[in-house]
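Notes follow the structure.
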Amino acid sequence: MSIELHNICTLIEVFDMDKSIEFYRQALGFQVHQSAGSEKGLGWAWLKRGDMDLMLNSMFNPGENPPSPDALRSGHHRDICLYFGCPDVDGAYAHLTQMGIKANPPETAHYGMRQCSFLDPDGYNICLQWPT
C-alpha cells in the first residue's frame, strides 16, 4: 500500500522570532498564517505564501532569550538549505540587494539551475533557483 501525501512544511528554530518573521515577510513575501505565544511574545509561527509553508519555532520561551545566539548552535544551521523555485532569479537578487541582504550573485550551476543564495537571520541557507 502506498501512503498518500500532500505538501511538506519545514520547521526551523529561530533566535529572534520578530526578526525572523519580518525577514521572511519582507524578503520572500510570506505572511503569518497562524501563531502561538503569550504576552511576552510569539513562540511559534506558521508562515504561508501561496502553496508554500514554513514554520518558525523560538529556540527559547518568549522573554527568556540570552543576549545573543549560541554561535556553535547557529553554525550548524548552515547544514540546512531551503530551496525555493523562483522564475526570475536575477530580479530576486536585485530585490534582495536593494533590501540590504547580502546575497551571492546569480550563477548557473553545471546541472542547469540558475541560483542565488543567501542566509536568513539565523544562518539558514536559502537558495532561489529555476531551470535554465
Sole residue being among the aromatic types (Phe, Trp, Tyr) and touching a Lys or Arg at 6+ places or on another chain (Cβ under 8 Å), chosen from Phe84, Phe60, Phe118: Phe118
Of the criteria (1) modelled with pLDDT under 90; (2) surrounded by 13 or more Cβ atoms within 10 Å (Cβ to Cβ); (3) basic (Lys, Arg), which one Arg78 fails: (2)
Failed item, numbered, when Asn7 is tested on (1) surrounded by fewer than 10 Cβ atoms within 10 Å (Cβ to Cβ); (2) modelled with pLDDT of 95 or more: (2)
Residues of segment 90-132 classified as part of a strand (DSSP E or B) and not aromatic (Phe, Trp, Tyr), total: 15
Matching residues, segment 19-43, being out of contact with any Gly (no Cβ under 7 Å at 6 or more places or on another chain), free of Cβ contacts under 8 Å to residues at least 40 places away in the same chain and either surrounded by 13 or more Cβ atoms within 10 Å (Cβ to Cβ) or not hydroxyl-bearing (Ser, Thr, Tyr) (or both): Ile21, Glu22, Arg25, Gly29, Phe30, Gln31, Val32, His33, Gln34, Ser35, Glu39, Leu42
Some residue of segment 100-111 being within 26 Å of Leu56 (Cα to Cα), outside the structural domain of Lys48 (by TED's automatic domain parsing) and within 11 Å of the chain's Cα centre (by Cα): no
Strands (runs of 3 or more DSSP E) contained entirely in segment 5-88, each with at least 1 residues that are in the same structural domain as Ile126 (by TED's automatic domain parsing), within 17 Å of Asn125 (Cα to Cα) and over 11 Å from the mean Cα position of the chain (by Cα): 81-85
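The values are calculated or read from the model by the stated rules, or taken from the named source; none is laboratory data. Being a predicted model, the structure only gives us computed values, none of them experimental. Neighbour counts are summed over all protein chains in view; Cβ atoms, including those assigned to glycine, are modelled from backbone coordinates with ideal geometry.
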